[in-house]
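Just so it is clear, none of the values below were taken in a lab; they were calculated from the coordinates. From a predicted model like this one, the values you see are computed outputs, not experimental measurements.
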Amino acid sequence: MNLSPSDQAFYDLYTSRIPQCEDDVVLDFLESQLTDEGQDDFYAKHSWYYSHLMDTYIAFEMGIEYGRKNAK
């Protein structure tokens, strides 16, 4: 699967800096974000990682948005 540029950046940053989850779990998380059903499936398999990854993902996305707004 090809990730969007921002998802690829999240994956690269997370897997190189945060040892909380294995790389394949992070990839599964990013792929699960495409549909509600995917999110439910990910939660069923990896519920102990879901909140951590979602919080980190939201903070990452907000950082990108903040950077875009302040770059103008």
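Some points to look at:
- Projected area averaged over orientations for the chain, convex hull of C-alpha atoms, nm²: 5.1
- Estimated vicinal HN-Hα couplings, Hz - segment 38-55 in sequence order (Karplus 6.51, -1.76, 1.60; Gly, Pro = x): x, 5, 4, 5, 4, 4, 5, 8, 9, 4, 5, 9, 4, 4, 4, 5, 5, 4
- Computed on the chain, with alpha-carbon pairs under 8 angstrom and 6+ residues apart, the relative contact order is 24 percent.
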